[in-house]
Amino acid sequence: MTVERYIRLIAGTFIMGSLALGHWVHPYWYFFTAFVGLNLFQSALTNWCLMDDILRKLGVGCDASQGACCCDSAQDKTADSTCCGTDSGCCGANQDEAAQSPAAPEQSGC
């Protein structure tokens, strides 16, 4: 599953959960619903989403079929082709090469 689909799943879960909590617990939970909606609105305008950054740092949603790395920014990739400063490695060609090499360490995270 891609990061974008995870974000939609998380946002939908937050909205449905906060609506239920607002109905059965306290109406102030509707402010959380509004907060999620405002974040979706601002991410559409600015093309930046905090949840996207969090999920990529956790190594969620790498798309190995397109050779995408867990982190897209150059500062998150170190000289030894790792993602996000971890030893999980990048997806795509680097992971395929590592799988073919018997001396390569086990790749995880992508």
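Values in this text are rule-based calculations from the coordinates and carry no lab data. Everything numeric in this text was worked out from a predicted model, so none of it was measured. Here the Cβ positions follow ideal geometry from the backbone for every residue, glycine too, while neighbour counts run over all protein chains shown.
Details
- Relative packing of 41-52, 12-23, which averages over residues the other C-beta atoms within 10 Å, highest first: 12-23, 41-52
- Considering the stretch 1-54, its Cα convex hull presents a mean projected area of 3.7 nm².
- Each of residue 28 and residue 46 was given a label point 7 Å from its Cα along the Cα-to-Cβ line. The distance between the two points is 2.6 nm.
- Neighbour-count order for 29, 24, fewest beta carbons within 10 angstrom listed first: 24, 29
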